[in-house]
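The values are calculated or read from the model by the stated rules, or taken from the named source; none is laboratory data. Everything quoted here is computed from the prediction, not taken from an experiment. No Cβ is skipped: glycine too gets one built from the backbone with ideal geometry, and neighbour counts run over all protein chains shown.
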Amino acid sequence: MKFTSLILILLTITSLTSCISTKRLTYLSEDKGTGADSLISFQQMQRPYRVQINDLLSIRVKALDQELTSMFNPIGDAENSTATTEERAYFDGFLVDRHGEIRIPTLGNIKVIGLTLEDIRLKLREKLMNEYFKEEANIFITVKLAGLRYTTLGEIGTGSQVIYKEQVSIMEAIANAGDITLYGDRRNVKILRQYPEGQRIHRVDLTKISAVNSPFYYIQPNDLIIVDPLPQKSLGIGETGFGTLATLFSLVTGITILLIRL
C-alpha cells in the first residue's frame, strides 16, 4: 500500500505541473503593477503597405460622365450579380504578376511592385490626365486591396481567410479564424511573411500586452499564421489539472487492481 500511495503522490504532482496554466491561455496580459484602467500606448496605424507579387487590387475610375470611364472599369458587376464578394474580387481585381505589373484595359501594363496604394492611385491619375482626360472631367480614382487574404495553420482554425478591411490586427485575424485552441502556444505565434527578396518568419508573444507594439501586430496580405502545439498535447493527459488528475487516477486504479490480482 505504501508503494501505491507513493505512486499516487507522484502522479498528483505530475498532473498539477502538466496541466495548461492560465498564463499561457491569457491574451495581452498586463505587466505587474499596471492598473486596470491604465492607459496603454501603442501604435495605431501600421506603415503604408507596399504592393507585392500575387496581390489582388481593386481599382475604380469615376467621373462626371460615367461613360467616359467605363472602358477602365471591370464589367463583372453586371454579369456576375449573383457572385459572392470574394468571387467578384477575384474576377474583377487586378493581379500583380511575377513582373510586378498589373494589366488595365486601354492603359496596358502598369508597374506597381513596391508602391503603396496611394502611389498607385497618383500614378494612374497622372497617366489618365495626360493621355485621356482633361481637368474638367473631374475623375476620381480609388485603389484598394481586394480583401486582405491570409492563411492559418496548426492549433487554430485552419484554412485561407479573407477580411475586407484595410488594417487587420493579428488578434482580429485569429478571432476570424476561430481562435487558438487550448493546446496552442500563444507565446510563440509564428508569421511567415512575403518580401521582395523572399520569405521571413517572425514571432509574436500574444500573452503580453507589449505585443501591440510589435511591428508584426498588424498582418499583411498573404501572411501565413502558424500556431504550434504546447508540450501538454503530446502527453495527452488533459487540458486542466482536474482532467489530468482524473486520467492518471483511472490509470493508477487499473494498475492497482492488476497488482492485487497478481
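Just wondering, is there one or more residues in the range 114-125 that are hydrophobic (A, V, I, L, M, F, W, C), outside any helix (DSSP H, G or I) and touching a Pro at 6+ places or on another chain (Cβ under 7 Å)?
Taking every residue of the range 114-125 in turn, none turns out to be hydrophobic (A, V, I, L, M, F, W, C), outside any helix (DSSP H, G or I) and touching a Pro at 6+ places or on another chain (Cβ under 7 Å).
Quick check on my filter: what residues within the range 183-198 are more than 15 Å from the chain's Cα centre (by Cα), surrounded by fewer than 17 Cβ atoms within 10 Å (Cβ to Cβ) and closer than 16 Å to L28 by Cα?
Answer for the range 183-198, where residues must be more than 15 Å from the chain's Cα centre (by Cα), surrounded by fewer than 17 Cβ atoms within 10 Å (Cβ to Cβ) and closer than 16 Å to L28 by Cα: just R187.
How many residues, within the range 163-198, are touching a Leu at 6+ places or on another chain (Cβ under 6 Å) and in contact (Cβ under 8 Å) with a residue 24 or more places away in the chain?
From the range 163-198, those touching a Leu at 6+ places or on another chain (Cβ under 6 Å) are 163, 168, 183, 185-186, 189, 192; that's our starting set.
Then keep just the ones that are in contact (Cβ under 8 Å) with a residue 24 or more places away in the chain; that gives 168, 183, 185-186, 189, 192.
Looking only at that region, the number is 6.
So which of I120, I104, I139 ends up being at pLDDT 90 or above and farther than 18 Å from I53 by Cα? Step through it out loud before you land on a result.
On the way: I120 fails: farther than 18 Å from I53 by Cα; I104 fails: farther than 18 Å from I53 by Cα.
Exactly one of I120, I104, I139 is at pLDDT 90 or above and farther than 18 Å from I53 by Cα, namely I139.
Does the range 100-131 hold any residues that are buried (at least 16 other Cβ atoms within 10 Å of the Cβ) and in contact (Cβ under 8 Å) with a residue 40 or more places away in the chain, and which are they? It would help to see each step written out before you state the result.
Narrowing the range 100-131 to residues buried (at least 16 other Cβ atoms within 10 Å of the Cβ): 100-102, 104, 107, 110, 112-113, 115, 117, 120-121, 123-125, 128.
Selection gives G100, I102, I104, V112, I113, L115, L117, I120, L124, L128.
Name the strands (runs of 3 or more DSSP E) wholly within the range 137-220 that hold at least 1 residues that are over 30 Å from L124 (Cα atoms) and not acidic (D, E)? So that I can check it myself, show each step before the final result.
On the way: elements: 140-145, 148-154, 159-163, 189-195, 198-204.
In the range 137-220, the matching strands (runs of 3 or more DSSP E) lie at 148-154, 159-163, 189-195, 198-204.
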